[in-house]
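J.: Pasting a structure here, questions to come.
The values are calculated or read from the model by the stated rules, or taken from the named source; none is laboratory data. Being a predicted model, the structure only gives us computed values, none of them experimental. All Cβ positions, even for glycine, are placed from backbone atoms using ideal geometry, and neighbour counts span all protein chains on display.
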Amino acid sequence: MSSETKQILTTDGIPLEISLKKAERKNKIKAFLLVAPLLLFLIITYIFPIGEMFTRSIDDKMITNMLPKTFKSMETWDGKELPSEEVFASFLSDFKILVEKKEHGKLAQRLNKEKNGFNTITKKLFRQVKRNKIDETQSIKEQIMKVHKRWRNVEYWQAIKRTAPPYTSAKYLKAMDMYLNEDNKITQVSEDRRIHRILWLRTVEVAFFVTVFCFLMGYPIAHLLATLPMKYSNLLMICVLLPFWTSLLVRTASWMILLQQQGVVNDFFVMIGIVADDNRPEMMYNKVGTYVAMTQILLPFMVLPLYSVMKTISPSLMRAGKSLGGTPFVAFWKVYFPLTIPGIGAGCLLVFILAIGYYITPALVGGASGTLISNQIAYHMKTTLDWSFASAMGLMLLGGVLVIYWLYNKLVGVDNIKLG
Amino acid sequence: MSKNTEFVKFDKVDKSYDGKVLVVKDLNLNISEGEFITMLGPSGSGKTTCLMMLAGFETPTNGEIYLDSNPISNIPPHKRGIGMVFQNYALFPHMTVYENLAFPLRVRKVQKDEIDKKVDKALSMVSLSGFESRMPAQLSGGQQQRVAVARALVFDPAVVLMDEPLGALDKNLRESMQYEIKHIHENIGVTVVYVTHDQGEALTMSNRIAVFNDGKVQQLSSPDKLYEEPVNSFVAEFIGENNTFGGEVTDISKDVCKVKLQNGEILANPVSVTSKGDKTTVSIRPERALINPKDKMDNNQTGKIEEVIYHGDHTRVRLDLLGNKEFILKVPNSSNELDLKLGNEIKVGWNSQDARALDPK
């Protein structure tokens with residue numbers, strides 16, 4: 001061959017590559033148009049809300065817009081001693097505008113979140129402003145400082161300065177039971193107020209154990225499904241899928257009926273004499289209830305990937321293992337089990353990710369000691385209306401899931417995953 | 001060294017899966033040490049079931065199997081020490097070739113250097129040295145096959161079972177593998193029980209062939225005997241090609257009988273007919289009937305050529321002979337002076353010795 005670099009031409013003299021691209025362009029466009037609606041749908045319903053959640057979780061523009069002049073004049077303040085007259089003056093002028101717009105309440109609320117005690121002193125200042133008691137020809141600093149002794153405290157002015165940036169990580173820190181203190185250092189909240197970290201740990205713990213229980217129960221079921229003759233395996237498959245076709249709420253409610261103290265399971269225990277009638281164990285409104293109900297509900301997500309992997313494993317492999325001298329256990333452990341790892345990985349990942357964000361079941365059967373982080377998110381969405389905090393926690397959950405996915409990819413390899 | 005002629009012994013073995021149908025009926029079979037025996041039969045004839053019973057994956061419903069005079073029905077597969085090559089090789093896909101071969105040795109707690117030696121030897125036996133670190137998926141079908149054979153032999157089993165091991169290979173590879181397996185058997189002298197439905201495979205490889213049909217051994221003999229002296233019409237039909245005539249015995253002496261056909265009469269070799277009036281199927285191999293025979297033959301008939309099919313080294317001629325429109329003749333390519341044209345009448349002759357009067361179909 002004279003040269004390999006020589007361009008190959010088609011019969012009509014067009015370079016082959018160009019000709020090929022031309023021929024494939026139409027197919028590419030067609031393929032893109034086919035997925036375009038889905039892509040659009042995903043962007044609208046998934047990517048966009050996540051972006052929205054993110055901005056909401058770090059957004060702190062409200063106060064930035066409320067006190068524009070104050071923050072501007074504070075730029076030169078070193079934050080060690082009380083700020084200058086100028087800062088006080090611009091604060092007062094910002095405050096007056098807020099009073100006119102009747103937004104001073106919001107300011108007080110926001111500042112009070114930053115440091116306790118702002119509510120009172122803002123109200124006092126408001127009364128002075130309302131009665132036009134402040135004379136702008138004299139030192140504003142002196143007058144404001146007279147309103148309340150806290151206005152003379154430098155810590156309160158430092159707190160105001162801390163709210164200046166339009167973005168804040170406060171919500172994320174709060175979700176970890178931490179906050180930025182006066183020196184802009186990340187600090188833990190006092191021990192009796194640390195509730196979120198317990199919830200996170202409990203969520204991971206519950207998800208982990210639910211995954212383990214699902215695996216322990218799902219593996220034999222999937223194996224049975226994959227090896228039974230068709231007519232039995234179909235029946236068993238329906239038994240596995242039947243809960244799937246029942247409403248989640250109904251299933252959770254039926255667990256409540258079964259597990260409550262006067263419930264079926266307890267009645268049975270009393271009947272066969274395991275427990276005394278006046279000492280029925282509590283199996284609901286605690287972690288036990290959450291474990292039992294979630295394991296049952298998430299079991300199909302473990303069984304199905306496992307089944308689809310096991311179905312592809314030829315029974316002759318186990319036979320080969322045995323005929324070569326392996327005991328049934330060795331044949332299982334050295335031959336069968338390693339081949340099911342892609343299914344185990346997929347099932348565990350699926351169950352863990354679903355469990356970590358589970359909401360209805362822990363809300364209904366979890367009680368106080370069985371609620372998870374998702375219940376906390378829902379609480380802030382519906383009750384406290386602190387959407388930015390809920391968004392922050394939601395995103396942290398998402399981040400956690402991504403980290404698990406990444407870890408899984410490192411350990412097992414996502415290419416090995418088999419979902420069906 | 002006298003070889004144990006009852007090394008593997010099936011003694012009155014019955015097998016039924018559902019309690020209604022017997023898949024294997026009253027099987028008695030002795031396999032001697034070092035023998036290459038093939039179980040040949042159509043699918044569903046019970047041959048694979050027999051193999052599985054020997055391997056320990058099925059239990060006989062009745063009767064007993066002996067290995068070296070020990071009953072083995074109650075011994076689990078992993079303690080039988082029988083090597084097995086599976087239909088689809090059953091190589092462990094997550095292990096390298098080396099690990100696959102080392103598996104039977106590791107479970108036997110063989111020392112590491114001993115394992116290395118044995119694996120090396122087994123791989124060189126199937127000419128796959130240097131493939132230790134490959135995964136099975138990186139091998140071609142023929143190579144996988146050879147790894148499977150090596151794995152079944154690496155732990156020096158007394159018996160190796162092969163369940164249609166060449167079924168998934170293409171024709172050329174299958175033929176070369178047949179010779180390779182045969183040579184390995186000759187070299188190491190292991191007892192091989194081979195299952196196939198391919199008669200060509202059975203004929204070229206085996207010391208003896210057991211033809212299975214309907215759960216029974218129809219005939220157990222050496223390949224040449226099986227082909228040339230089938231004992232019943234199933235075997236005659238199943239092994240090789242076969243021209244048949246259905247008729248009734250009208251006269252019988254010691255080694256010749258007269259069979260009356262629908263239109264005509266022929267002389268035949270009484271194999272499974274005993275008396276006048278017996279219904280029979282007469283079987284003649286295509287190559288044993290000659291056109292315009294020069295030697296004297298005791299059957300001479302005239303047939304009309306219905307079809308001529310060119311096969312390269314030989315030509316097949318389909319005749320309408322004595323009412324059988326499917327009478328096939330094989331004419332070697334050397335005899336080109338013959339006038340093989342459609343519609344021509346030709347003379348055909350064969351010896352009564354080669355026309356075997358078997359049981360009626």
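J.: Enumerate the pairs (first residue in region A:143-161 and within 14 Å of A:Asn119 (Cα to Cα); second residue anywhere and in a helix (DSSP H, G or I) and of a type in the set (Ser, Thr, Tyr)) with beta-carbon separation below 8 Å, excluding pairs fewer than 6 apart on the same chain, so at least 6 apart or on different chains.
T.: A:His148/A:Thr120; A:Arg150/A:Thr120; A:Arg150/A:Tyr156; A:Ile160/A:Thr70
J.: Keeping to region B:102-115, report how many residues are exposed (fewer than 15 other Cβ atoms within 10 Å of the Cβ) and more than 9 Å from chain A (Cβ to nearest Cβ).
T.: Result for region B:102-115: 5.
J.: Within region A:311-346, take every residue that is of a type in the set (Val, Ile, Thr) and buried (at least 18 other Cβ atoms within 10 Å of the Cβ) and give me the one that is farthest from the other protein chains (Cβ to nearest Cβ).
T.: Only one residue tops the list, namely A:Ile344.
J.: Right, another one. Just for region B:50-72: of the residues that are surrounded by 20 or more Cβ atoms within 10 Å (Cβ to Cβ) and away from chain A (no Cβ under 14 Å), which one is nearest to B:Ala150 (Cα to Cα)?
T.: So, considering only residues that are surrounded by 20 or more Cβ atoms within 10 Å (Cβ to Cβ) and away from chain A (no Cβ under 14 Å), the one nearest to B:Ala150 (Cα to Cα) is B:Cys50.
To keep it simple, each residue is scored yes or no on (1) surrounded by fewer than 15 Cβ atoms within 10 Å (Cβ to Cβ); (2) within 18 Å of A:Leu354 (Cα to Cα); (3) of a type outside the set (Asp, Glu); (4) at pLDDT 90 or above.
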site	(1), (2), (3), (4)
A:Thr211	no, yes, yes, yes
A:Lys231	yes, no, yes, no
A:Ile238	yes, no, yes, no
A:Leu242	yes, no, yes, no
A:Thr246	yes, yes, yes, no
A:Val250	yes, no, yes, no
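J.: A further question on this structure: Is it true that some residue in region B:73-96 is more than 13 Å from chain A (Cβ to nearest Cβ) and surrounded by 21 or more Cβ atoms within 10 Å (Cβ to Cβ)?
T.: No, region B:73-96 contains no residue that is more than 13 Å from chain A (Cβ to nearest Cβ) and surrounded by 21 or more Cβ atoms within 10 Å (Cβ to Cβ).
J.: Can you tell me how many residues within region B:34-50 are outside any loop (DSSP other than H, G, I, E, B) and either of a type in the set (S, T, N, Q) or under 9 Å from the mean Cα position of the chain (by Cα) (or both)?
T.: Number of matching residues: 6.
J.: For B:Glu99, only one of the following conditions fails: (1) out of contact with any Pro (no Cβ under 8 Å at 6 or more places or on another chain); (2) more than 25 Å from B:Lys118 (Cα to Cα); (3) in a helix (DSSP H, G or I); (4) more than 9 Å from chain A (Cβ to nearest Cβ). What is its number?
T.: (2)
J.: Further question on the same structure: Can you tell which of A:Ile50, A:Ile63 is at pLDDT 85 or above and either surrounded by 10 or more Cβ atoms within 10 Å (Cβ to Cβ) or not assigned by TED's automatic domain parsing to the domain that holds A:Arg152 (or both)?
T.: Checking each option against the conditions leaves just A:Ile50.
J.: Also, quick follow-up: Is it true that B:Tyr227 is modelled with pLDDT of 90 or more and not hydrophobic (A, V, I, L, M, F, W, C)?
T.: So B:Tyr227 fails the test.
J.: To continue, here is another question. Restricting to region A:48-101, count the residues that are among the small types (Gly, Ala, Ser) and closer than 30 Å to A:Met393 by Cα.
T.: 2
J.: Shifting gears a bit: When you look at B:Ile209, is it surrounded by fewer than 22 Cβ atoms within 10 Å (Cβ to Cβ) and assigned by TED's automatic domain parsing to the domain that holds B:Lys121, yes or no?
T.: no
J.: Shifting gears a bit: Checking the conditions here, which among A:Val265, A:Val270 is out of contact with any Phe, Trp or Tyr (no Cβ under 6 Å at 6 or more places or on another chain) and closer than 23 Å to A:Ala363 by Cα?
T.: A:Val265
J.: Right, next: Starting from residues that are in contact (Cβ under 8 Å) with a residue 12 or more places away in the chain and loosely packed, with under 12 Cβ neighbours inside 10 Å, keep the ones in region A:167-207 and report whichever is farthest from the chain's Cα centre (by Cα).
T.: The selected residue is A:Asn184.
J.: Looking at region A:357-397 only, could you name the residues that are aliphatic (A, V, I, L, M) and either surrounded by 22 or more Cβ atoms within 10 Å (Cβ to Cβ) or in contact with a Lys or Arg (Cβ under 8 Å, 6 or more places away or on another chain) (or both)?
T.: A:Val365, A:Leu372, A:Ile373, A:Ile377, A:Ala390, A:Ala392, A:Met393
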